[in-house]
Amino acid sequence: MKKLLILLGFLSLYITDPISAQTPDNEAIKELVAKYQSDIRGPFKDIRWFCKDGSVIPPKEKCPEPGGVQRARYKDEVAALAKNQHIFIGQILSNTPKEDFWDAANQHARLKQYQVEKYLRAVDDGWIWRKAQFYRGAVQVEDEENWGVEFFQWLLNDQQVWEEDFFLVRQAAKDIPHQGDNNRSQTVRALSKEISDTYLPFQDLRVKIHGQPEAADIQRVRGFRKTHQQKLGAANLKKMDQLLEEMELLFAAVDLNALGKYVNKLPKQDTLTRRIRSFIDQHQTTAFSPDRVSAAADLLWDIRTLGDQVKGGKARLALLDISNNLEEIIFKESGSWQAEHPQALLEKICYLGKAATGAGFLEIWEYETQAVAAPVADEIALVALNEFFENNRRRVEWGAGMTRAVYAGTVNLFTAFEPKAYGFLDDRVRASILLPLGQSVGQLGDFLAEQAGLSNQLMDLRGQSDARGLNPGYAMGELVIVEGFPEELEVDKNKIYVFERPPADLKPVAGIATVSEGNMVSHVQLLARNLGIPNAVVSNQNLDDLRAYAGQTVFYAVSNKGTIIMKPAASMTQEEQQLFTVKQRSEQRISVPVDKIRLEETRVLNLRELKASDSGKLCGPKAANLGQLKQLFPDKVVEGLVIPFGIFRQHLDQTMPGTDQSYWEHLNGIFRQAAARKQAGAGENEIEAFMLEELDSFRKLIKEIALLPEFEKALREDFQQVLGGQIGSVPVFLRSDTNMEDLKEFTGAGLNLTLFNVVDAERIWQGIKDVWASPYTERSYKWRQRYLLNPENVFPSILIIPSVDVAYSGVMITKGVTTGRDADITIAFSRGAGGAVDGQIAESYLMHDGWGNQLLSPAREPYYNRLPETGGTKRMAASFEDPILSQQNLDDLRELAAEVKKILPEAPGVETDGPFDIELGFRDDKIWLFQVRPFVENKGATASTYLESITPVIPDDKMVNLKQPL
């Protein structure tokens, strides 16, 4: 109660001072939720008339003119929470301004919160409405439905909404009352969950209903009710009766005449209207037919692609309702479409993929980029069948990614104070066309594995073929399942983590699996690849099933071709057990070369002076290689300044305040003490804890170090001369660039600080000290410690370059990361600045040598950053209806890769023929290069005899009979 009173006072302050709003106190909001669940009025304080003239009067009075709405008023703390924290609970739609509810300025947060709360009400006995649902007069159903009709008709008059927000608006039409309809499949899942939560024997049936619903489940539930009648209790018996009633309605015979009420609202002579009427006339039969499913898929596609030509909000709302009804028909009947042979299964997958696009889970361009018809021949090459499977497996991932992209922010917000909200994303996917599509693709994967003699061994999970490996390697450790989207998670280097999505600043771990891949060239992925950390992407279903093994010690391996083994450590073979004794004896660690470092160079350097051979001598590889690029591609690289190693060491030679020793002596003393502790027999964890504490203190000292006057004077002069303005007038990036990055065996990608788009002079001066301090963070030290023998010999230089406000940016690897072919190219781009490197779900392509570009993943990031001239970043909302990269962009990237492969290996100081890892961006369709480094892979992982033994080989010449029985 104390927290509740604090929150109320906290919120009341914001009523007069909204600018001071801070992060919500989630514990206090939890107390509010608990309070409302037991309050007869829930989140409401009283009933009032809301009149058209804006007046609010008691319920027994009358509005001065007709058209008023009677409904509940929110409690003061609920209104304050909405006003000051933009968190809306207990929303009543009637009398809500349409623009406020659409909430375009906040990426439609208010609408999404309404949907998440509606889910919570379904799965948690009304949630905060638990008692308030019986508060007479609080909500008028007719008013809510009338408001819903007016809202959609107002919203859908906007052509841009149909084009950019189709998925969201179509999903909203399932939740916002407007036609007397309801989301019946959600109700079925919610009731089955409520029963299983209180009566465990129902769990198996609940899993069946959630994962593979079909009409036969009705008899299963009836049989269960009869068998367990004496034990269920009155409450569960009542819910069981409700469940059976809803299931009978859900799986009732299809009646296409019910679509007539929507068709009557469409233009009579419109092409789309005629197609809808034709569908109703041709497929009006109670008997199931695969033709009806395929025709419904075609019609879903037509509504998506031709609906923008139908004008008017009333007609477009009718199209959305028809679209949702068609998806329900496909969802209901796809379970009855039992493919007898592989060819029929391929046809079914094609139609379901088309339907998923029509339902908005894929964008039209994404589907068309990868559209492949089902083969009509009786035979197909096994490699071609594998390609068909991979393409459609990706579509399932993209569809689930669309749901996460649109709703994850709102789900995270609610999950912080109501953990049950986390189930919203999974529920949304399971209620959609993605469920039968995923099941069908999984069935194909099982058939393919059987034909190719390959398969995952992922515990005893369902949907084995849904998982695929990203980085080869093997590990043994405790399995940890991480819920939600954590950004400040403490990880253990000896454990294996399964994430919804890994944090961008992930510290070393033994192994990784993720539901959302991010992209294969992000900093986390590159570090994992570099260190041989096994990494895989799994489905939501896989993640759910793996929860049963959380806390167990498991063996986890990913082959060079992406097959996965995960099993209890007790089941390891003798060969697998020996891997870890061998690994401990032969763990490869390397030394940072310091014999050639030139600390006597204490000038601020012009980027034009540098070449690749200066890496590790004057500065780190970022600056040296960018200087080389400036010479080779002068029109594609900005001007720049470099603060070399020598200036950093010059500052560390200063005496620390209040002591008689220098910063440098103090730093080396820390490492000497650690070595002495090790020699005295201290354990690894004890030494690490000591080092982290000492380095944290040292980092704080560096952040406060005094800058030498001669250095400040030189930097001011060079900044003006090279960058064309005084410090404080030109926005710049400050990039840490150490001598422990981009070594032959260690990439160090993304471990240290980069400051984006800094303008303010004081921030630049402080930023220099912050960048110098960043190698001593816990994350940077732990990654170095895992691979380097002398992590104490890290020297940071700093690259200062003017900001380029790119429209989109990313990474190009001059190699096929997934194919292993040196002639291929891998690219990943996101909108705005800093794209792809921080693990965004980026637009990724495999550019095949000699024959086109294969889309591996579309972008699924709802926000991106632009770089205003005033400094900092400006957060922008993204939509996905168009690709990021144009065909010309792709052609330019292919041409650039060819130039880099040809020119860079010949440059002085470049000690590799490639492949290269290049960070770059586009502004006004012009390429700007920001960094190049060697692409480093873990040779031990890729060459491991054991990993080679579990790597499947798909024969090029093997043919598969598509007419054989499944």
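The values are calculated or read from the model by the stated rules, or taken from the named source; none is laboratory data. Small disclaimer: the values here were computed from a predicted structure and weren't measured. Cβ sites come from the backbone with ideal geometry, for glycine too, and all protein chains shown count toward neighbours.
With the condition kept exactly as written, say whether any residue in the stretch 109-117 is buried (at least 20 other Cβ atoms within 10 Å of the Cβ), over 31 Å from the mean Cα position of the chain (by Cα) and in contact (Cβ under 8 Å) with a residue 40 or more places away in the chain.
no
Mind telling me which of the residues 646, 640, 627 ends up being outside the structural domain of residue 902 (by TED's automatic domain parsing) and in contact (Cβ under 8 Å) with a residue 60 or more places away in the chain?
640
Starting from residues that are in contact (Cβ under 8 Å) with a residue 12 or more places away in the chain and not in a helix (DSSP H, G or I), keep the ones in the stretch 325-340 and report whichever is surrounded by the most Cβ atoms within 10 Å (Cβ to Cβ).
337
Under the condition of being buried (at least 20 other Cβ atoms within 10 Å of the Cβ) and among the polar types (S, T, N, Q), which residue from the stretch 624-658 is farthest from the chain's Cα centre (by Cα)?
Out of the qualifying residues, it is 628.
Which ones in the stretch 652-676 are among the hydroxyl-bearing types (Ser, Thr, Tyr) and touching a residue at least 12 places away in the same chain (Cβ under 8 Å)? Before the answer, list the steps.
Of the residues in the stretch 652-676, the ones among the hydroxyl-bearing types (Ser, Thr, Tyr) are 655, 659, 662-663.
Across the stretch 652-676, the qualifying residue is only 663.
Out of the residues in the stretch 848-882 that are assigned to a loop (DSSP other than H, G, I, E, B) and of a type in the set (A, V, I, L, M, F, W, C), which is surrounded by the fewest Cβ atoms within 10 Å (Cβ to Cβ)?
851
From 8, 32, 13, 4, grab the single residue that is at pLDDT below 90 and either in a strand (DSSP E or B) or touching a Leu at 6+ places or on another chain (Cβ under 8 Å) (or both).
Numbers: 8 fails: either in a strand (DSSP E or B) or touching a Leu at 6+ places or on another chain (Cβ under 8 Å) (or both); 32 fails: at pLDDT below 90; 13 fails: either in a strand (DSSP E or B) or touching a Leu at 6+ places or on another chain (Cβ under 8 Å) (or both).
Exactly one residue qualifies, and that residue is 4.
Only one of 75, 131 is touching a residue at least 12 places away in the same chain (Cβ under 8 Å) and in contact with a Phe, Trp or Tyr (Cβ under 7 Å, 6 or more places away or on another chain); which?
Details: 131 fails: in contact with a Phe, Trp or Tyr (Cβ under 7 Å, 6 or more places away or on another chain).
Matching residue, one of 75, 131: 75.
Regarding the stretch 426-439, can at least one residue be identified that is over 30 Å from residue 294 (Cβ atoms), over 15 Å from the mean Cα position of the chain (by Cα) and part of a loop (DSSP other than H, G, I, E, B)?
No.
Being surrounded by fewer than 22 Cβ atoms within 10 Å (Cβ to Cβ), modelled with pLDDT of 80 or more and either hydroxyl-bearing (Ser, Thr, Tyr) or within 31 Å of the chain's Cα centre (by Cα) (or both): is that true of residue 724 here?
no
Answer yes or no: is there a residue in the stretch 674-692 that is under 30 Å from residue 762 (Cβ atoms) and among the acidic types (Asp, Glu). Quick ask: steps written out before the conclusion?
Let us first name the residues in the stretch 674-692 that are under 30 Å from residue 762 (Cβ atoms), namely 692.
Okay, now just the ones that are also among the acidic types (Asp, Glu), so none.
Scanning the stretch 674-692 turns up no residue that is under 30 Å from residue 762 (Cβ atoms) and among the acidic types (Asp, Glu).
Out of all the residues in the stretch 659-695, which are among the β-branched types (Val, Ile, Thr) and surrounded by 15 or more Cβ atoms within 10 Å (Cβ to Cβ)?
Within the stretch 659-695, 670, 687 meet the criteria.
Residue 829 versus (1) of a type in the set (Phe, Trp, Tyr); (2) surrounded by fewer than 24 Cβ atoms within 10 Å (Cβ to Cβ); (3) over 12 Å from the mean Cα position of the chain (by Cα): which is the lone unmet condition?
(2)
Working only within the stretch 601-653, note down all residues that are in contact with a Gly (Cβ under 7 Å, 6 or more places away or on another chain) and in a loop (DSSP other than H, G, I, E, B).
601, 602, 610, 611
Filter the stretch 530-562 for residues that are touching a Lys or Arg at 6+ places or on another chain (Cβ under 7 Å) and more than 16 Å from residue 476 (Cβ to Cβ); which is modelled with the highest pLDDT?
The selected residue is 545.
For every residue, the table says whether it meets (1) buried (at least 19 other Cβ atoms within 10 Å of the Cβ); (2) over 32 Å from the mean Cα position of the chain (by Cα).
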{"site": "265", "(1), (2)": "no, yes"}
{"site": "285", "(1), (2)": "no, yes"}
{"site": "290", "(1), (2)": "no, yes"}
{"site": "305", "(1), (2)": "no, no"}
{"site": "315", "(1), (2)": "yes, yes"}
{"site": "342", "(1), (2)": "yes, yes"}
{"site": "349", "(1), (2)": "yes, no"}
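Using the structure shown, decide if residue 122 is outside any loop (DSSP other than H, G, I, E, B) and touching a Leu at 6+ places or on another chain (Cβ under 6 Å).
Considered against the rule, which asks whether it is outside any loop (DSSP other than H, G, I, E, B) and touching a Leu at 6+ places or on another chain (Cβ under 6 Å), residue 122 comes out as no.
Could you tell me which of the residues 411, 429 is at pLDDT below 90 and buried (at least 19 other Cβ atoms within 10 Å of the Cβ)? Spell out how you get there, then give the answer.
Details: 411 fails: at pLDDT below 90.
429 is the lone residue from the list that is at pLDDT below 90 and buried (at least 19 other Cβ atoms within 10 Å of the Cβ).
On the given criteria, is residue 360 touching a residue at least 60 places away in the same chain (Cβ under 8 Å) and under 15 Å from the mean Cα position of the chain (by Cα)?
Spelling it out, it is not the case that residue 360 is touching a residue at least 60 places away in the same chain (Cβ under 8 Å) and under 15 Å from the mean Cα position of the chain (by Cα).
For the stretch 176-186, give me the residue count where each residue is surrounded by 19 or more Cβ atoms within 10 Å (Cβ to Cβ), touching a Leu at 6+ places or on another chain (Cβ under 9 Å) and either β-branched (Val, Ile, Thr) or assigned to a helix (DSSP H, G or I) (or both).
Number satisfying all stated conditions: 2.
For residue 170, indicate whether it is touching a residue at least 40 places away in the same chain (Cβ under 8 Å), touching a Leu at 6+ places or on another chain (Cβ under 6 Å) and assigned to a helix (DSSP H, G or I).
When the stated conditions are applied, residue 170 passes them.
Report, by residue number, each residue of the stretch 214-239 that is under 21 Å from residue 125 (Cα atoms), of a type in the set (A, V, I, L, M) and within 37 Å of the chain's Cα centre (by Cα).
221
Give the stretch 677-714 a look and list any residue that's without any contact (Cβ under 8 Å) to a residue 24 or more places away in the chain and closer than 15 Å to residue 656 by Cα, or say none.
697
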